[in-house]
Amino acid sequence: MSASYDVIVLGSGPGGYVAAIRCAQLGLKTAIVERENLGGICLNWGCIPTKAMLRSAEIFHYMQNAKDYGLVASGIEADLAAIVKRSRGVAKQLNQGIGHLMKKNKITVHMGEGRLTGATSLTVTGEKGEEQLSAKHIIVATGARARDLPFAKADGKRVWTYRHAMTPAELPEKLLVIGSGAIGIEFASFYNDLGSEVTVVEMLDRIVPVEDADVSTFLEKSLRKQGINIMTGAGVEDIKVTGKGITATIKDKGGKAAASEFTHVIVAIGIVPNTENIGIDKLAEMERGFIQIDPYGRTKTKGLWAIGDCTPGPWLAHKASHEGVSCAEAIAQELGNSEVHPHPLNRNNIPGCTYCHPQIASVGLTEAKAKEAGHEIRVGSFPFIGNGKAIALGEAEGFIKTIFDTKTGELLGAHMVGAEVTELIQGYTVGKTLETTEAELMQTVFPHPTLSEMMHESVLDAYGRAIHF
């Protein structure tokens, strides 16, 4: 069986399905190839189901601290099986929603394993046998998977990846989390809230190392206060699975190695791109398995494009979706559509969010990176304790930090830690996209009482004008 299209998208994650929809909107005959679940890892095993689990942990935390809000609650228990069931239900609902969007936009879905046979052709091996597909353009959006430790292969019982951590058969009594990036810290926060004894090991000198140093320091203090044991500048040298759990040999920052017992371990040390065995090697330039692309997603081979986690980072769902739109519009333009105006991705304007407790969010340069880039800077900061809404919510922990170029007033970066900052960061992201200076931000009216007022105050503080602190 064979079929021909204008565009075929290999992979249906947040990059792939968005690219397919935009192609269809632009009048292109489009197909999508998916080997497992529509929506990819993000929707089925990543962003969405983890947030459902974290929401359950958050509510459990509030219920345990009901007295802080003048309420009485007793006999509060966490039902792990029910939490997992709810999370999987959310993922299933959204998976079905993607299927509906494919039908709505008249996108043909081919379920099966896709392999490129050329820049504009591929085979799909699935339940229908082998299909031969061709297109004027192919977008590779195959994503990535969790990286294994060579001495700690995930078994789903004691040694977990993020995927196993979302469907646990039991609550870990003593949990070791290796890696303090977004995935590691989110699971550390989740399991700590549910009552596990959690230890986080990070090789670098601070947790969430891509964030601003002030945010890392604040978050570490907060997590330690919550009872999480954090070891920075440390490394796990060996893991042995035992009948009751695992024995991990951990070398601390002083160079001393010691064995510790845990019931489970989550390995969260990064990702590996899904680019093996898809026929891409000879068609695109590769670096450490990642497909090298131009700002619109073009590879070195005409007609072949790539987006998302199989390309250079940051490896974020919203970055993949944005790339998908830009890529689709660039393809439409090449096919003769003069009404579209594709725009390249500005990686400096991509926000990052981590949904631990407290949350962290950021966009743009950290203070250190701004200085390294040669900027003379002005830095403003405003604490949650100075905000009326934060105090009323019982969430007075955190701060908002802004960084400006002294000469031009350009907003170089914004960094937040505290309640709901993942919802606030987009205000600064829009500001950076619009090339906003401090003047426009200071002249903007922020509603009261809201957490967003702290965004205003942080800007004011950078120029010695903060009102409430």
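The values are calculated or read from the model by the stated rules, or taken from the named source; none is laboratory data. Bear in mind the structure is a predicted one, so any value in this text is a computation, not a measurement. Quick reminder, even Gly has a Cβ in these numbers, built from the backbone with ideal geometry, and neighbours come from all protein chains shown. Each accessible area value is taken on the protein alone, full model and side chains, heavy atoms only, with ligands, DNA and RNA left out. Shrake-Rupley method; radii C 1.70, N 1.55, O 1.52, S 1.80 Å.
Skip the ligands, DNA and RNA, and give the accessible area per residue of the chain with a 1.4 Å probe, whole Å². Don't skip to the answer; put the middle values down first.
Working: 21660 Å² over 469 residues.
Solvent-accessible surface per residue comes out at 46 Å².
Per-residue counts of other Cβ atoms within 10 Å, averaged by peptide: what ranking do you get for 452-463, 5-16, highest first?
My ranking of the peptides, most packed first, is 5-16, 452-463.
Enumerate the amide H contacts of TYR5 below 5 Å, restricted to partners 5 or more residues apart or on another chain; note that Pro and chain-start residues carry no placed amide H.
SER134, ALA135, LYS136
Can you spot the aspartates and glutamates whose alpha carbon is less than 12 Å from LYS136's alpha carbon? Ignore those fewer than 8 places along the same chain.
ASP6, GLU334
For the chain, with only Lys/Arg (+1) and Asp/Glu (-1) charged at the beta-carbon, what is the dipole magnitude about the Cα centre, in debye rounded to 20?
On the way: 47 positive and 53 negative charges, 203 e Å.
Computed about the Cα centre, the dipole is about 980 debye.
At 15 Å minimum axial length over the Cα atoms and a Kyte-Doolittle cut of -0.5, report the qualifying DSSP H helices in the chain, or say none. Display every interim value, and only then the final one.
On the way: long enough: 47-64 (26 Å, 0.14); 80-104 (36 Å, -0.17); 182-194 (18 Å, 0.69); 213-225 (18 Å, -0.40); 317-334 (26 Å, -0.34); 421-433 (18 Å, 0.12).
Membrane-span-like by this rule: 47-64, 80-104, 182-194, 213-225, 317-334, 421-433.
Roughly how many percent of the accessible protein surface of the chain is carbon and sulfur, given a 1.4 Å probe and a whole-percent answer?
After summing per-atom areas, the C and S share lands at 53 percent.
By the gyration tensor of its Cα atoms, with a ≥ b ≥ c the square roots of the eigenvalues, what is the shape of the range 1-42: rounded for a/c under 1.5, prolate for a/b over b/c, or oblate? Working shown, then result.
Working: a/c = 3.45, a/b = 1.29, b/c = 2.69.
It comes out oblate by the Cα gyration axes.
What is the set of long-range amide H partners of GLY126 at a cut-off below 5 Å, with H atoms built 1.01 Å from backbone N?
So GLY126 has HN proximity to GLU113, GLU131.
What is the packing order of peptides 74-86, 233-245, 360-372, 273-285, taking the mean over residues of other C-beta atoms within 10 Å and listing the highest first? The partial results should precede the final answer.
Working: 74-86: 12.5, 233-245: 15.2, 360-372: 19.8, 273-285: 17.3.
Ranking, from highest mean packing down: 360-372, 273-285, 233-245, 74-86.
Roughly speaking, what is the stretch gain from GLU285 to LYS256, that is 0.36 nm per residue apart minus the C-alpha to C-alpha distance, in nm to one decimal? It would help to have the intermediate numbers written out before the result.
Values: separation 29, 0.36 × 29 = 10.44 nm, distance 4.20 nm.
Going from the current span to full extension adds 6.2 nm.
Below 8 Å, C-alpha to C-alpha, sequence gap of six or more: please give me the relative contact order for the chain in percent. Mind showing how you got there, number by number?
On the way: 1014 pairs, mean separation 66.8, N = 469.
Relative contact order for the chain comes out at 14 percent.
Note down the relative contact order for the range 5-137 as a percent, whole number, built from C-alpha pairs under 8 angstrom at least six residues apart. Intermediate results must be reported in sequence, preceding the final value.
On the way: 205 pairs, mean separation 40.5, N = 133.
30 percent.
Out of the range 125-196, which GluC sites (Glu not before Pro) are coil in DSSP terms and have no more than 10 other C-beta atoms within 10 Å? Let's see the in-between values first.
Values: sites: GLU127, GLU130, GLU131, GLU170, GLU173, GLU186; in loops: GLU127, GLU170, GLU173.
Taking the range 125-196 and a limit of 10 other Cβ atoms within 10 Å, the loop GluC sites (Glu not before Pro) found are GLU127, GLU170.
Could you tell me whether the chain comes out rounded, prolate or oblate from its Cα gyration tensor? Rule is a ≥ b ≥ c as square roots of the eigenvalues, rounded for a/c under 1.5, then prolate if a/b exceeds b/c, otherwise oblate. Could you put the intermediate results ahead of the total?
Working: a/c = 1.73, a/b = 1.22, b/c = 1.42.
Judged from the Cα gyration tensor, the chain comes out oblate (a/c at least 1.5, b/c at or above a/b).
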